[in-house]
Each structure stands twice: as structure tokens, then as C-alpha cells.
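Right, one structure below, let's go through it.
The values are calculated or read from the model by the stated rules, or taken from the named source; none is laboratory data. As the structure is a prediction and not an experimental result, all values here were calculated from the model. Cβ: placed from backbone, ideal geometry, glycine included. Neighbour counts: every protein chain shown. Keep in mind that these areas ignore ligands, DNA and RNA; they rest on the heavy atoms of the full protein, side chains included. Shrake-Rupley method; radii C 1.70, N 1.55, O 1.52, S 1.80 Å.
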Amino acid sequence: MMNVEQYLSDRMKEGTIHMALLDPDKQRPEDAGKLAAAAKRAGSDVIMIGGSTGVNSENLGATARAIREMSGLPSIHFPGGPKELSAEVDSIFFMSLVNSTDPLWIFKAQAYAAPFVKKLGIETLSMGYIIVEPGMKVGEVGKADPIKRNEVDKAVGYAIACEMYGMKYVYLEAGSGADRPVPQEMIRAVKDSISIPLIVGGGIRTPEAARAAREAGADAIVTGTFIEECSDIARLKDVVDAARGRP
Ligand code: 1GP
């Protein structure tokens, strides 16, 4: 079985990686499989599967299976809650929304899910999830107290705390569909303050935005909306190439 942590680490040694996010609630499993295959052709390294609402173990499992069969890329479940779980994924972000105001999203949901994750034998990738404004749907659902775009020190504090807790990844999230991605200065300051990989996402849908995140130091760049809406493989490749900094 694939070790996703090792795979990510090997890929990140070569440079920034691209993660394509697909929401099982937004299309049929076979269409998610087709999108994943297109992302792979465009150069994507890994598929994240998840959404804030409407995901259940059934559509998650069917989507993960289609993605594996049609793209061959490893998958990471990006959970929207503790009740959707499937052994069809290759790994799961075992994540804490560290700037939530509700203990449910910081630790309680995790305590509920952990025995099931263990029983299913899913590889866990522990991750500190930091919501930056505007935060969008996930900010609302997760009752986040979003970091303001000029509160760079606050973002740095959260990120260092995540590393000190032993989390393997930090994720700076502006929210799916955000009109502005996480600011470059914030990415740079967080990157300079931690030694674990930094994932950045939310509102990245142009080569310029992807390049800006990479140049500021992101180890992984996530695009969701853009992958779902882009039917032009050449445009897709432009964004993925800009994220990775290499064809
Ligand atoms: C959401 O960061 C991801 O969790 C992706 O956001 O849909 O804006 O690409 P977009």
C-alpha cells in the first residue's frame, strides 16, 4: 500500500506540488474520475477529496474509487465532519481547525472519529488548518475566527503552535471561492517560521496567483473551484505548471 506521507515528502523535495481538490457532492463519481485524470495529465501530484457540506461515506467512497481507477493518483480525504469516512481513500488529513471558536472543530470531532479511522486502517496526515479571511463557507461552518489579512504575526503564532504540537502539515486557507487568496507576506512569514510543509489554498485560479503562492514559499498549492470549472486542459496545465514552477 502506498505511503502518502513519504510520497508527498519525495515530491516536495523536487519543488512545490499541486493538489487538486474534488468535492464528492459536486459531481458524479465517474465525472470526478475524469477530472482527476485531467488533473493528472496537467501535472497534478495528488487528489484531495472533500467539501464542507453534502459529503457522506457513500459518495466519498464511490468518488475515491473512481479517482483511483481513472487517474492512478494518490488521494487524501479532506473531511468536512467526523461522520464521513471511507477505506477507499489512501489517506486522510487528520485535521484541527485551530482558529475555530467551537471545540467541536478543534478536537471533539477528531475524538469521535479517531477510533473509526484506526479501525479502517487509513493513513493519517495530521494537519493544522488555519482559516484566513474571507474564510468563506468553511469559515462559517467551522465557526472560525478568521485571521485578518494583515494579522501576519497571528498566523505565524498559530503555525508555530501546530508544529510544536507535532502536526505534520500546516494549511493556510482563504476559503473555497475566496475573491483574494492568502496574502504573499503571510505565506512567506509562516513558511519562514516552521520547518513542516506549508499547504496554501482558497481563491487560486490563475497562473499569477499560483506563482505568487509558490514564490512566497508554499510547499503545496490547492485548487478546487478552478479544477471543477475548467474544461480546457491547456488552461489547467498553465495553473498547475505555475504552481509547481516546472512543467
Ligand atoms: C478549499 O482551498 C481549497 O479548501 C480550494 O479553494 O475552491 O477556491 O480553489 P478554491
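Mean separation of Cα pairs under 8 Å and 6 or more residues apart, divided by the residue count, gives the chain a relative contact order of 19 percent. The slack between ASN3 and ALA234, meaning 0.36 nm per residue of separation minus the straight C-alpha distance, is 80.1 nm.
What percentage of the solvent-accessible surface of the chain, computed with a 1.4 Å probe over protein heavy atoms, is contributed by carbon and sulfur atoms? Exposed carbon and sulfur together represent 53 percent of the surface. Here the chain is scanned for GluC sites (Glu not before Pro) in DSSP loops (not H, G, I, E, B) that have at most 15 other Cβ atoms within 10 Å, and the longest stretch holding none of them is 15-150. Springs between alpha-carbon pairs under 10 angstrom, Gaussian network model over the chain: which of SER86, SER126, SER193 fluctuates most? Maximum among the listed residues: SER193. Considering only ASN99, ASN59, ASN150, the mean-square fluctuation computed in a Gaussian network model of the chain, springs between alpha carbons under 10 angstrom, is largest for ASN150. Principal axis extents of the C-alpha atoms in the chain (largest first, rounded to whole Å): 43, 42, 31. Label zone (LYS83, point 7 Å along Cα-to-C-beta; backbone nitrogen cut-off 15 Å) within the stretch 100-129: 109-110, 112-113. Pick out which of ASP145, ASP192, ASP45 has the largest mean-square fluctuation in a Gaussian network model of the chain, springs linking Cα atoms closer than 10 Å. For the chain, modelled as a Gaussian network with Cα springs under 10 Å, the answer is ASP192. For the stretch 110-182, the alpha carbon positions stretch 41, 27, 17 Å along the principal axes, listed from largest to smallest. Are any of the pairs LYS13/LYS118; LYS119/LYS191; LYS34/LYS154; LYS108/LYS191; LYS13/LYS108 more than 32 Å apart by Cα-Cα distance, and if so, which? The pairs that break the limit, which is 32 Å between Cα atoms, are LYS119/LYS191; LYS34/LYS154; LYS13/LYS108. Projected over all directions and averaged, the alpha-carbon convex hull of the stretch 140-247 occupies 7.0 nm².
Straight-distance candidates among the aspartates and glutamates for linking to LYS137, with alpha-carbon spacing under 14 Å and chain neighbours fewer than 8 residues away dropped: ASP23, ASP145, GLU173, ASP179.
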